[in-house]
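Enquirer: Let me begin by handing over the structure; questions about it come next.
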There are 2 protein chains.
Amino acid sequence: MNHRTTALLAASVALAIGTLSLATHAQQAPKPETLIKSRQSAFQLVAWNSSRIKASLDGTYNREEVGRAANTIAAIANSGLGSLFPAGTEQGKGWHDTAVKPEWFKDSKRAAELTAEFAQEATELAKVASAGDAAAVKDRYAKLNKTCKACHDDFRAKD
Amino acid sequence: MNHRTTALLAASVALAIGTLSLATHAQQAPKPETLIKSRQSAFQLVAWNSSRIKASLDGTYNREEVGRAANTIAAIANSGLGSLFPAGTEQGKGWHDTAVKPEWFKDSKRAAELTAEFAQEATELAKVASAGDAAAVKDRYAKLNKTCKACHDDFRAKD
């Protein structure tokens, strides 16, 4: 095998590996549908856990139940939700058509701020929930709900 | 106001309060559709976070990403998922028709065991993820996946 053949072979192998790598990457990149499903699931789960906290605050306070629910909301809020809203997911169907307004994707600074506020309030709620003071939980729960509402008011399409 | 009128009034008030209480209770009890949506969302979110851990193990290891993903899976697994599978949700549609086999609701002992194993392995994975040793995470991630598979094999209808 001469140098030229060796060089060509090496180039072909490199190209093949590159193509394989691209193919693998393409395979791993989640589809928009999967990302939209995942973000809709995240907020459905936040809603479920929020309703458990509300039920406890409105009825008989269950510290363990509230603790687990608040911990789940905090974990989801801090999980890196921003990565579920990449370019290419402005429109599309997950479990249902996305309800996110196009403005969300245009104002990335405001989107990042609201996401951070949600995460921060969820973390604070989980802290007081583990301490077990129902009055403190009620106060923090109201603050968390304000961050939900702030985002829904501006960036969630009405049903 | 005589005694009879007072008694009737008291009875009416008691009845009204009772009705109100029942109405409030009925309003708070989640619908089967909501419970099924929530459990489907829980496992969609587990799948999303699992895929993030896998991507990190297969590619460039990102400790922060893996930590957040493992923490979210652990919070969901420990959130009290059993309450999303009450009687009355054996069949029905959440985001889609439930894929849970009827046997799940008949063998509550096995269901509780599998749920506990999933929660335990998810907790262990979150612990090693926070310590940042990729090899330990890979080992624990495989153990967690076994608990997913054990449940899917026996209790999840095939697509």
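The values are calculated or read from the model by the stated rules, or taken from the named source; none is laboratory data. Computed from a predicted model, the values in this text were never measured in an experiment. Because the Cβ atoms are built from the backbone with ideal geometry, glycine has one as well, and the counts that use them run over all protein chains shown.
Enquirer: Just wondering, is there one or more residues in region A:109-122 that are outside any helix (DSSP H, G or I) and either at pLDDT below 95 or among the small types (Gly, Ala, Ser) (or both)? Let's see the steps before the verdict.
Expert: Taking region A:109-122 and keeping what is outside any helix (DSSP H, G or I), we get none.
No, there is no match, as no residue in region A:109-122 is outside any helix (DSSP H, G or I) and either at pLDDT below 95 or among the small types (Gly, Ala, Ser) (or both).
Enquirer: Next question, about the same structure. Take region B:40-56 and flag every residue that is closer than 30 Å to B:Gly88 by Cβ and more than 9 Å from chain A (Cβ to nearest Cβ).
Expert: Going residue by residue through region B:40-56, those that are closer than 30 Å to B:Gly88 by Cβ are B:40-50.
Scanning region B:40-56 gives B:Val46, B:Ser50.
Enquirer: Here is a further query. For residues in region A:57-77 being surrounded by fewer than 21 Cβ atoms within 10 Å (Cβ to Cβ) and of a type in the set (S, T, N, Q), which is nearest to the other protein chains (Cβ to nearest Cβ)?
Expert: A:Asn62
Enquirer: A further question on this structure: For region B:53-67, how many residues are of a type in the set (D, E, K, R) and under 18 Å from B:Phe118 (Cα atoms)? Before the answer, list the steps.
Expert: Going residue by residue through region B:53-67, those that are of a type in the set (D, E, K, R) are B:54, B:58, B:63-65.
Checking which are under 18 Å from B:Phe118 (Cα atoms) leaves us with B:54.
Selection size over region B:53-67: 1.
Enquirer: Run A:Asn145 past the list (1) outside any helix (DSSP H, G or I); (2) of a type in the set (S, T, N, Q); (3) in contact (Cβ under 8 Å) with a residue 60 or more places away in the chain and report the number of the one that doesn't hold.
Expert: (1)
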